[in-house]
Amino acid sequence: MTKQQANWSPYDNNGGSCVAIAGADYCVIAADTRMSTGYNILTREYSKICKLADKCVMASSGFQADVKALQKQLAARHLIYQHQHNKQMSCPAMAQLLSNTLYYKRFFPYYSFNVLGGLDNEGKGCVFTYDAVGSYEKVGYSSQGSGSTLITPFLDNQLKSPSPLLLSVQDAVTPLVEAEAIDLVKTVFASASERDIYTGDKIEIVVVNATGIRREYMELRKD
Amino acid sequence: MFRNQYDTDVTTWSPAGRLFQVEYAMEAVKQGSAAIGLRSKTHVVLGCVNKANSELSSHQKKIFKVDDHIGVAIAGLTADGRVLSRYMRNECINYNFTYESPLPVGRLVVQLADKAQVCTQRSWKRPYGVGLLVAGLDESGAHLYYNCPSGNYFEYQAFAIGSRSQAAKTYLERRFENFTDSSRDDLVKDAITAIRETLQGETLKSSICTIAVVGIGEPFHILDQGTVQQIIDTFEIAAEQEGPAAEPDAAEQSAAAADQGGSTDEGVAPMDI
């Protein structure tokens, strides 16, 4: 008697790519707006980006139902934090909370690949990158999702220091100015949508800086 | 006299059909420092008197934000109030999580009242010693409720609880018919005036009172001390002319209120207060 295999999966992959880049006093978080299933497009206008706190934004690709549930969980926990501490959560605090929330479901994970971006308590840009079960790391830039294999090497080429001796891990911010970082993000998505079928339609770019949070869009290939 | 025999347990009735432990809990509310609430069609204002134990200590927090559309002012055992506020916040968060919409105030006060009732029917519990003025907004407009330790709740146009609240209630009774159509700012002024009534001659300063507002298009928030002091300053100047005439009246009122407090020993159970 061979072991029975499941004839359905609780997960689906809705595709898409996310990128975040940290600067000295800003953070850029971007994601495409295409939601797909299999070889079909469900919608061209779905936002994968969620504002979790005043200076903290998360972009997630993967299974959007799990992403939505995760965002709601974090929003509720943030409200409790505000009631107890009378202030917003900082980005590093939210980063730890996200990690704990993901690991809580270690044995039935959120199928969600996240990048968290924002400003830390000193106003410096920070980016945290995650796997599906909560392993995370503070980095200067990151990419997740279906296009990440195409995007990450390009970001490494542009932003990665050739040696840790020249740019220490502590100082994990890019030398770019805000406008240059946004331009880089647009270039990177344009390239990814050439070859990744799940990335395209539009990019939603969110910029967090001292003045607040602003959003812009750019059109991408629709095929 | 007789009530001492039947007041040890919350689960013991008196021969007159009263639960003395519950009534004692409501006494605790009357001992707390004053809290008032009033509402118009579109706004609700809560106010409270902050009594600090000494010059050295900070004052008790008596007004809590429960959600963007609900806030609560408490009088009595503030620790019980804090715990109930946490319960209310959780209920709002859970409801919002499930239904993606704000918890209607009317539902919340019923849940609160049922929670209070449980403590009046368990021998291993005691009633909550705190009265709550719940201010909130929902689809049917602005609401003000009073939840008491007995598990009863009522909706009010305006109400005051805590010590020397009778003075505030008298002021509110005179003015409440105007409140429905009051503007937000007039409502706040009335709230501050009502608080001043409970102070009985003591100078009204923003450091001894707290005001909070919730309204259509205005999430629940506590007004900062500077704003409150400005409002106090605008009408303190006008009141100075009436000041000497008003004070003897206020002294007489407080004497009458003290007498009334003593006479509740005999007579009908004050369950509905």
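The values are calculated or read from the model by the stated rules, or taken from the named source; none is laboratory data. What you see is a predicted model, and the numbers here were worked out from it, not measured in a lab. Positions of Cβ are backbone-derived with ideal geometry, glycine not excepted, and every protein chain shown enters the neighbour counts. Remember, those area values only see protein heavy atoms, side chains included, never the ligands or the DNA or RNA. Shrake-Rupley method; radii C 1.70, N 1.55, O 1.52, S 1.80 Å.
Of note:
- Taking chain A as a Gaussian network of alpha-carbon nodes connected by springs under 10 Å, the highest mean-square fluctuation of the residues A:E180, A:E122, A:E45 belongs to A:E122.
- Dipole magnitude of chain A, debye to nearest 20 (Cβ charges: Lys/Arg +1, Asp/Glu -1, about Cα centre): 720 debye
- With θ taken as phi - 60° and the Karplus curve 6.51 cos²θ - 1.76 cosθ + 1.60 applied, the whole-hertz 3J(HN,Hα) list for segment B:69-76 is 10, 9, x, 9, 10, 10, 9, x Hz, x standing for glycine and proline.
- Length added when fully stretched, B:T12-B:Q200, from 0.36 nm per residue minus Cα-Cα: 63.8 nm
- Computed lengthening from A:H85 to A:F154, 0.36 nm per intervening residue step minus Cα-Cα distance: 20.7 nm
- Comparing A:E178, A:E194, A:E204 in a Gaussian network model of chain A (Cα springs below 10 Å), the most mobile by mean-square fluctuation is A:E194.
- Computed [θ] at 222 nm, helices only, for chain A once each DSSP H run of length n ≥ 4 contributes -39500 (n - 2.57): -10000 deg cm²/dmol
- Largest-first ellipsoid semi-axes for segment B:52-113, taking √(5λ) over the Cα gyration tensor eigenvalues, angstrom: 27, 11, 9
- Each Cα pair under 8 Å and six or more residues apart adds its separation to the average, and for segment A:83-223 the resulting relative contact order is 17 percent.
- Carbon + sulfur, % of accessible area of chain B - ligands and nucleic acids excluded, 1.4 Å: 51 percent
- Cross-link pairs beyond the 19 Å C-alpha cut-off, checked among A:K55/B:K62; B:K51/B:K189; B:K30/B:K51: A:K55/B:K62; B:K51/B:K189
- Of every Cα-Cα pair in chain B, the percent that sits beyond 28 Å: 36 percent
- Inter-chain shielding of A:75-83 (mean C-beta neighbours from other protein chains, 10 Å cut-off): 4
- Cα centroid separation, segment B:128-195 to segment B:80-105: 21 Å.
- If R0 equals 56 Å, the separation of the Cβ atoms of B:A79 and A:S9 corresponds to a calculated FRET efficiency of about 0.65.
- Taking the convex hull of the alpha carbon positions in segment A:31-173 and averaging its projected area over all directions gives 9.8 nm².
- Counting only protein heavy atoms and a 1.4 Å probe, segment B:1-145 has 47 square angstrom of accessible area per residue.
- Volume per residue that the Cα convex hull of the protein assembly as shown spans, once the total is divided by residue count, Å³: 230 Å³
- When B:F64, A:F63, B:F176 are compared by accessible area of protein heavy atoms, the largest-first order is B:F176, A:F63, B:F64, using a 1.4 Å probe.
- Calculated P(r) of segment B:1-116 - Cα pairs past 17 Å, %: 66 percent
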